[in-house]
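Reviewing the structure listed below.
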């Protein structure tokens with residue numbers, strides 16, 4: 001991870017993910033520039049960055065942002081190895097993995113150890129991402145994996161549990177193992193909420209509480225705003241506008257929770 005401009009150790013910074021801009025038609029360069037213009041320090045690469053790193057390398061050079069991580073959706077080992085190569089080329093500090101469903105928990109532990117070791121062998125951290133429709137859909141399964149592999153850490157996207165009617169308190173065990181977080185906001189009906197300028201609806205308040213819990217548990221690292229048009233049912237929805245509101249929602253949570261001194265801005 002490039003920390004030549006900022007001392008990021010023990011700090012929190014805002015970032016964006018490539019998936020945040022799905023459906024916008026924005027180029028990689030435009031996505032990086034949007035992130036920079038909205039107070040972000042880095043970008044999380046997705047499939048486009050894995051398949052072709054050239055545009056990412058050019059965008060890094062022109063904007064001064066760095067690539068903090070590479071996100072791998074459910075995929076086979078060949079694609080995962082391509083992601084490792086891309087992460088090295090891009091200078092990413094970790095791969096976050098949305099792990100495919102496993103036949104049983106013991107098989108899941110073996111799978112996680114194998115992919116963790118593939119990353120560590122080349123000096124990259126390995127995080128599993130909390131996500132519906134994957135091996136981490138059930139909280140009881142994640143507890144099993146974290147207990148079986150004490151040095152396994154996670155990227156928390158708690159929005160995936162809200163439609164499953166998981167209570168805020170049930171998520172607390174995730175916080176001490178969280179090294180990165182997605183701030184995607186969803187309601188129980190499985191639709192993105194329209195955050196809005198006032199940021200005061202029920203969904204926003206719920207996530208403020210979850211994020212405050214995370215901050216008080218000692219969270220440090222990148223925060224990625226993830227607003228995906230696929231889930232939208234609001235005619236007035238604007239992907240980049242709501243991304244901006246999402247970032248500000250987390251920034252204000254940091255300030256209100258008393259952690260402004262740990263928030264690094266450009």
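The numbers here are math on the coordinates, done by the rules we state, and not lab data. This is a predicted model, so every value here is computed, not measured. Using ideal geometry, Cβ is built from the backbone for each residue, glycine included, and neighbour counts are taken over all protein chains shown.
Overview of results
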{"item": "Antiparallel bridge percentage (DSSP; both residues within the range 12-264; nearest 5)", "result": "5 percent"}
{"item": "Relative contact order for the range 1-114, counting Cα pairs under 8 Å that sit 6 or more residues apart, in percent", "result": "23 percent"}
{"item": "Sorted peptide list for 61-73, 148-160, criterion being average Cβ within 10 angstrom, highest first", "result": "61-73, 148-160"}
{"item": "Nitroxide proxy distance, nm - points 7 Å out along Cα→Cβ at residue 82 and residue 51", "result": "0.7 nm"}
{"item": "Difference of contour (0.36 nm per residue) and Cα-Cα distance, residue 169 to residue 260", "result": "30.3 nm"}
{"item": "Per-peptide average of other Cβ atoms within 10 Å, ordering 9-18, 198-207 highest first", "result": "9-18, 198-207"}
{"item": "Taking all pairs of distinct alpha-carbon atoms in the range 11-154, Kirkwood radius in angstrom", "result": "15.8 Å"}
{"item": "Which of 255, 177, 31 has the fewest Cβ neighbours within 10 Å, and the rest in rising order", "result": "255, 177, 31"}
{"item": "Over 20 Å [Cα-Cα, the range 1-62], rounded percent", "result": "24 percent"}
{"item": "Relative contact order (%) - criterion: Cα under 8 Å, at least six apart; region: the chain", "result": "22 percent"}
{"item": "Kirkwood Rh in Å, taken over the chain so that all alpha-carbon pairs contribute", "result": "18.5 Å"}
{"item": "Relative intensity, log₁₀ I(q)/I(0), of the range 42-103 from a Debye sum that treats every alpha carbon as a point, q = 0.14, 0.22, 0.24, 0.30 Å⁻¹", "result": "-0.36, -0.79, -0.92, -1.32"}
